[in-house]
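Notes follow once the structure below has been shown.
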Amino acid sequence: MANNAGIIGMGHAFPEGILTNADLEKIVETSDEWITSRTGIKQRHKAAEGEYTSQFGTKAAKQAIERAGLQPEDIDLIVCATTTPDQIMPSTGALIQAQLGATNAAGMDIFAACSGFLYGLTMVESMIRTGQIRNALVIGAEVLTKYVDYTDRGTCVIFGDGAGAAVLAPVAEGKGILATKIRSDGRYEEALYAPGGGTKLGTTHETIDNRDHFFKMKGNELFKVAVRSMAEISKEMLDKAGYSVEDVDLVIPHQANQRITDAVASRLGVPEEKVYSNIAEHGNTSSASIPIALDECLQSGKIKEGSLVLLTAFGGGVTWGGTVIRF
Ligand code: COA
């Protein structure tokens, strides 16, 4: 019989360093007023020199494994969603595997920008459902502040660092992931990309002078597509799961921008109190934003046994996804 896959433990981690809007006012021409009114962000976490992605992924994963009541050896697969890996090779998932001592697991990365966690959930859900694996870690881990250009005020005010992790395993009928779907449209490549360092441009004096190794974003081009895509896939997944918007206890959208979150909520017709937001404290942590938010909601009791939760994400690629989970 097919297994339902659900989240049985979660964790999250941040670097200690904080970068406030006032700090950014000293780096680029911006203001707390602009950042707050355009994005909702007040501060973001920032890794120190010598701190890197796998460390935060491992910290979050350890907490998730412990809360699931498992040992690292019980994990069969580690999927790390990241756009800011420690290095090109090996994968950050493999590095986290070593740091955890998860000796029976396979480790791998997913490159789907801010939708990466939902990409991971979707893949792992089907592997658990078919019995190919039993226990899996899906991690979203990012140190975006090292890929952000602190001369570009359009991107550097948005992104922050952090990691969130979930242990997925078979759960009772009617619980766990009820519907999930991922999408992409690579024609939007240049709306959010880091062109340098790959096989196309390589790493040359010119690419470095052009700052091609940093993220470049056309934020206003992404805005409308993000709202439309997240709202559409959310409705589609609720339909597929056999629920309507009124049945949802909590919506956790990727924390990209408070105005995007508000616009998605309004398109869906969900009241503000049912939509979770932590963007003021953490900024946009890309693939880490949904698992961090989920764990915060589980710890604070906002999500309880039986809660119906809708997750939706949008990111560079462009990529997007929607997932409906019964806890
Ligand atoms: N401080 C002050 N002014 C700024 C600024 C900053 N940090 N960043 C941009 N501006 C200026 C621009 O230069 C522009 O000035 P101009 O009108 O004189 O040319 C003006 O503000 C408007 O810029 P625009 O880019 O149109 O602003 P916006 O309202 O679209 O907000 C984002 C910018 C990035 C906050 C917003 O577009 C966004 O969040 N987009 C989606 C991001 C996203 O979803 N990414 C993918 C998923 S992570």
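The values are calculated or read from the model by the stated rules, or taken from the named source; none is laboratory data. Source: prediction; values computed, not measured. Heads up, the Cβs are rebuilt from the backbone with ideal geometry, glycines too, and the neighbour counts pull from every protein chain shown. Areas reflect the complete protein model, heavy atoms only, side chains present, ligands, DNA and RNA absent. Shrake-Rupley method; radii C 1.70, N 1.55, O 1.52, S 1.80 Å.
For the range 4-174, state the semi-axes of the equivalent ellipsoid (square roots of 5 times the eigenvalues of the alpha-carbon gyration tensor), sorted largest first and rounded to whole angstrom.
Equivalent ellipsoid semi-axes, largest first: 33, 16, 13 Å.
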Placing each pseudo-label 7 Å from Cα in the direction of the beta carbon, S31 and I18 end up separated by a distance in nanometres of 2.3
Averaged per residue, the 1.4 Å probe accessible area of the chain, protein heavy atoms only, in Å², is roughly 43
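Please report, as a whole percent, how much of the solvent-accessible surface of the chain comes from carbon and sulfur atoms (probe radius 1.4 Å).
Values: 6920 of 13970 Å².
Result for the chain: 49 percent of the exposed heavy-atom area is carbon or sulfur.
Pull out the extension gain between T199 and M89, defined as 0.36 nm times the separation in residues minus the alpha carbon to alpha carbon distance; nm, one decimal.
Numbers: separation 110, 0.36 × 110 = 39.60 nm, distance 1.41 nm.
Result for the pair: 38.2 nm of gain on full extension.
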With every protein chain in place, the accessible area of K274 for a 1.4 Å probe, in Å² rounded to the nearest 10, comes to 60
For the chain the mean separation of alpha carbon contacts under 8 Å (6+ apart) over residue count, i.e. relative contact order in percent, is 25
Residue-normalised 222 nm signal for the chain, counting each DSSP H run of n ≥ 4 as -39,500 (n - 2.57), nearest 500 deg cm²/dmol, is -10000 deg cm²/dmol
DSSP beta bridges in the range 4-174: the antiparallel percent, rounded to 5, is 65
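Sort K240, K42, K26, K181 by accessible area with a 1.4 Å probe, largest first.
Values: K240 140, K42 90, K26 165, K181 65 Å².
Correct descending sequence by accessible area is K26, K240, K42, K181.
Relative contact order of the range 52-106: what whole-number percent is it, with Cα pairs under 8 angstrom and at least 6 residues apart? Each step should come with its number before you reach the end.
Numbers: 57 pairs, mean separation 26.0, N = 55.
Here the relative contact order equals 47 percent.
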Rounded to the nearest 10 Å², the 1.4 Å probe accessible area of Y276 is 30
In nm, the gap between the two label points placed 7 Å beyond Cα toward Cβ at D209 and K274 is 5.6
Counting only DSSP loop positions in the range 39-101, the GluC sites (Glu not before Pro) whose Cβ has at most 12 other Cβ atoms within 10 Å are E49
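In a shell of Cβ-Cβ distance under 13 Å around I133, excluding I133 itself, what net charge do Lys and Arg (+1) and Asp and Glu (-1) give? Each step should come with its number before you reach the end.
On the way: positive: R129, R134; negative: D74, D76, E125.
Surrounding charge for I133 is -1.
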Sorted by chain and number, the residues with a modelled amide H under 5 Å from that of A5, at a separation of 5 or more or across chains, are V171, I177
Here the percent of antiparallel bridges among DSSP beta bridges lying wholly in the range 184-327, to the nearest 5, is 70
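Only Cα pairs under 8 Å and at least 6 apart count here; give the relative contact order of the range 178-326 as a rounded whole percent.
It comes to 36 percent, rounded to a whole number.
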Ranked output for segments 259-265, 29-35, 80-86, 98-104 by mean other Cβ atoms within 10 Å, highest leading, reads 80-86, 259-265, 98-104, 29-35
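Which of rounded, prolate, oblate describes the range 80-166, given a ≥ b ≥ c as roots of the alpha-carbon gyration tensor eigenvalues and a/c under 1.5 marking rounded, otherwise prolate only if a/b is larger than b/c?
Details: a/c = 2.99, a/b = 1.86, b/c = 1.61.
Note, shape of the range 80-166 comes out prolate.
Restricting to DSSP loop positions (anything but H, G, I, E, B) with no more than 11 other Cβ atoms inside 10 Å of their own Cβ, which GluC sites (Glu not before Pro) remain in the range 237-321?
Numbers: sites: E246, E272, E273, E281, E296, E305; in loops: E305.
For GluC sites (Glu not before Pro) across the range 237-321 that sit outside H, G, I, E and B with at most 11 neighbouring Cβ atoms in 10 Å, the list reads E305.
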Check: in the range 178-326 the Lys pairs 8 or more apart or on separate chains whose Cα atoms fall under 26 Å apart number 21
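Please pull out the direction-averaged projected area of the range 201-327, using the convex hull of its alpha-carbon atoms, in nm² to one decimal place. Don't skip to the answer; put the middle values down first.
Working: hull surface 36.4 nm².
For the Cα atoms of the range 201-327, the hull's average projected area reads 9.1 nm².
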PRE zone check, label point 7 Å out along Cα-to-Cβ of Q71, amide N under 17 Å, scope the range 162-187, hits none
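Can you tell me the order of 195-204, 108-117, 6-15, 151-160 when each peptide is scored by its average per-residue count of other Cβ atoms within 10 angstrom, highest first?
Values: 195-204: 12.7, 108-117: 26.9, 6-15: 23.2, 151-160: 20.1.
Averaged packing, sorted descending, gives the order 108-117, 6-15, 151-160, 195-204.
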